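Accompanying notes for the structure given below.
The values are calculated or read from the model by the stated rules, or taken from the named source; none is laboratory data. Since the model is a prediction, treat every value here as computed from it, not as a measurement. Cβ placement follows ideal geometry from the backbone for every residue including glycine, while neighbour counts extend to all protein chains displayed.
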Amino acid sequence: MQIAEPIVAEYAARPYVALRREVKIPFGSVATKTMRQLAKAIKAQGIQNTGAAIFKYNIVKMPELEIDFGFEVEAPVATQGELLSGVLPAGRYAELTFFGPYRHLYKVNGALIDWSRAQGLVFDATAAADGDHFVSRVEFYPNGPADEPDPEKLKTVVAIKLRD
């Protein structure tokens, strides 16, 4: 397991397509099933040139989450049915890169949140009765188990948009 030093990075807007799900931790089996459904929906709708897989955490009320399970795309696209099209907004993000098994992502997210708070950074989020609503809290997966069989080489970038 290898965790890079957190940074503040400037992101351009990034379009994506996704399926939205309400899940409870642990959600690994739901994620796997949803990503398979997503791949079928993308193919059925003729969407091409997808990039990194993403998990966008919209609402967090531990252990319950609302997540968009998706893929980056080159440009916004029209979608049908439960497949949605969205854009991760441009702006400053607290970011941390991690190499290792996905089971450690809970700790990795915690490390980024703790570092951000220690730096006096404020997330672009709103607290509500149903949980914390994030403008953009994302895990990017540039590779996955199909690309990289060694779990220690799985790369995940965790990023949370900062308030302007």
Look through Asp130, Asp147, Asp124, Asp114 and report the one residue that is in contact (Cβ under 8 Å) with a residue 24 or more places away in the chain and surrounded by fewer than 12 Cβ atoms within 10 Å (Cβ to Cβ).
Asp130
Kindly indicate whether Ala9 is buried (at least 18 other Cβ atoms within 10 Å of the Cβ) and either in contact with a Gly (Cβ under 6 Å, 6 or more places away or on another chain) or in a strand (DSSP E or B) (or both).
no
Test result for Asp68, under 20 Å from Ala13 (Cα atoms), modelled with pLDDT of 95 or more and either outside any loop (DSSP other than H, G, I, E, B) or of a type in the set (Asp, Glu) (or both):
yes
Only residues in the range 66-82 that are in contact (Cβ under 8 Å) with a residue 12 or more places away in the chain and closer than 25 Å to Phe27 by Cα count as the first member; pair them with residues that are loosely packed, with under 13 Cβ neighbours inside 10 Å and of a type outside the set (D, E, K, R), Cβ under 8 angstrom, at least 6 apart or cross-chain, and list the lot.
Val73/Asn49
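Picking from Val138, Val87, which residue would you name as being at pLDDT 95 or above, among the hydrophobic types (A, V, I, L, M, F, W, C), crowded, with 16+ Cβ neighbours inside 10 Å and assigned to a strand (DSSP E or B)?
On inspection, the qualifying residue turns out to be Val138.
Closer than 23 Å to Gly81 by Cβ, touching a strand residue (DSSP E or B) at 6+ places or on another chain (Cβ under 6 Å) and in contact (Cβ under 8 Å) with a residue 24 or more places away in the chain - does that describe any residue in the range 1-11?
Checked the range 1-11: no residue is closer than 23 Å to Gly81 by Cβ, touching a strand residue (DSSP E or B) at 6+ places or on another chain (Cβ under 6 Å) and in contact (Cβ under 8 Å) with a residue 24 or more places away in the chain.
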Would you say Thr97 is hydroxyl-bearing (Ser, Thr, Tyr), in contact with a strand residue (DSSP E or B) (Cβ under 9 Å, 6 or more places away or on another chain) and in a loop (DSSP other than H, G, I, E, B)?
no
Looking only at residues in the range 90-118 that are aromatic (Phe, Trp, Tyr) and at pLDDT 95 or above, which one is farthest from the chain's Cα centre (by Cα)?
Trp115
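Is the range 45-52 home to any residue that is surrounded by 12 or more Cβ atoms within 10 Å (Cβ to Cβ), modelled with pLDDT under 95, over 14 Å from the mean Cα position of the chain (by Cα) and of a type in the set (Ser, Thr, Tyr)?
Looking only at the range 45-52, we keep the residues that are surrounded by 12 or more Cβ atoms within 10 Å (Cβ to Cβ), and these are 45, 47, 50-52.
Pick out the ones that are also modelled with pLDDT under 95 and you get 45, 47, 50-52.
Retained after the next criterion (residues that are over 14 Å from the mean Cα position of the chain (by Cα)): 45, 47, 50.
Of the ones still in play, those that are also of a type in the set (Ser, Thr, Tyr) are 50.
Among the residues of the range 45-52, at least one is surrounded by 12 or more Cβ atoms within 10 Å (Cβ to Cβ), modelled with pLDDT under 95, over 14 Å from the mean Cα position of the chain (by Cα) and of a type in the set (Ser, Thr, Tyr), which makes the answer yes.
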